């Protein structure tokens, strides 16, 4: 296996030998996340971001969010930057993620999440929630944001894109901001055939609205140019082991 940037030469050597994964895991779990030499450029994440850039350009959208590594997926509130979990930039850390949580984002899921987060970032960059018709289409952007919500799994007023662990394909029902991001993601996805798939759903009006709205961005410059990051790698001073202990406490995920 090719040596990973995040590990010492000793761990790289140990990893190349059969039967040494326990040693490698222990070394990694004891290391602070901020001390891993992680970056998006040159990692397995780079092709996914390049794919997203091509999809945006194909829709004549010339704005590309800033991407950075952090502890989870997401955009800081009203800031057009996209955080990606650090473990996706490194094969060894990805293996530990799957061991610890039982899950690891596959290629399809990574692209779905990138499109969703790009929707948030574009909303924030151009302050689209202030545009005429946005609130009538998606609801109040200022609506309180709650992690827990009670979706209607049969509703056709919302697109179905991301499959959430707890809520299935109803993530668009979480908040108007997520409704927009999910609708944008479906609209952006190549060969999604959204016009045909949703033609008999009330959600088609949201897709048509996004289609019209995105055409207005061709010659616009972003209103919000902030690049403030939430919890960049330099601030993740916990060890990898402490990171997973915290996740178990917060989310109840076990190895």
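Here the chain is treated as a sphere whose radius is the Kirkwood value from Cα pairs; by Stokes-Einstein at 37 °C and 0.692 mPa s it diffuses with a coefficient of 167 µm²/s.
Between helix 46-58 and the chain there is an angle of about 10 degrees, using the helix long axis and the longest principal axis of the Cα atoms. Per residue, the average separation of C-alpha pairs within less than 8 Å and at least 6 apart gives the range 93-250 a relative contact order of 23 percent. In this simple spin-label approximation, residue 58 and residue 242 carry label points 7 Å from Cα along the Cα→Cβ vector, and these lie 4.4 nm apart. For the range 36-117, just say rounded, prolate or oblate: build the C-alpha gyration tensor, square-root its eigenvalues into a ≥ b ≥ c, call rounded for a/c under 1.5, and beyond that prolate if a/b exceeds b/c, oblate if not. Verdict is prolate for the range 36-117. Rounded to the nearest 10 degrees, the angle from helix 240-251 to the longest Cα principal axis of the chain is 40 degrees. In this structure, residue 199 and residue 37 have a Cβ-Cβ separation that, at R0 = 51 Å, corresponds to a calculated FRET efficiency of about 0.55. State whether the range 124-239 is rounded, prolate or oblate according to the following rule on the C-alpha gyration tensor (a ≥ b ≥ c being the square roots of its eigenvalues): a/c under 1.5 gives rounded; otherwise a/b larger than b/c gives prolate, and the remaining case gives oblate. Cα axes put the range 124-239 in the oblate bin. At full extension, residue 30 and residue 147 could sit 39.0 nm farther apart than now, given 0.36 nm per residue minus the alpha carbon distance. Label-to-label distance for residue 130 and residue 155 is 2.7 nm, based on points extended 7 Å past Cα in the beta-carbon direction.
If R0 equals 45 Å, the separation of the Cβ atoms of residue 212 and residue 21 corresponds to a calculated FRET efficiency of about 0.30.
Centre-to-centre, using Cα atoms only, the range 85-138 and the range 139-211 are separated by 14 Å. Enter the angle in degrees (range 0 to 90, nearest 10) between the Cα long axis of helix 204-215 and the first principal axis of the Cα atoms of the chain, meaning the one along which they spread out most. Between helix and principal axis, roughly 80 degrees.
Rounded to the nearest 5, what % of the DSSP beta bridges within the chain are antiparallel ones? Here the share of antiparallel DSSP bridges comes out near 40 percent.
Every read-out reported here was derived from the displayed coordinates using simple, explicitly stated rules and does not represent laboratory data. Keep in mind that this is a model prediction, so the values were computed, not measured. All Cβ positions, glycine included, derive from the backbone under ideal geometry; neighbour counts span all protein chains shown.
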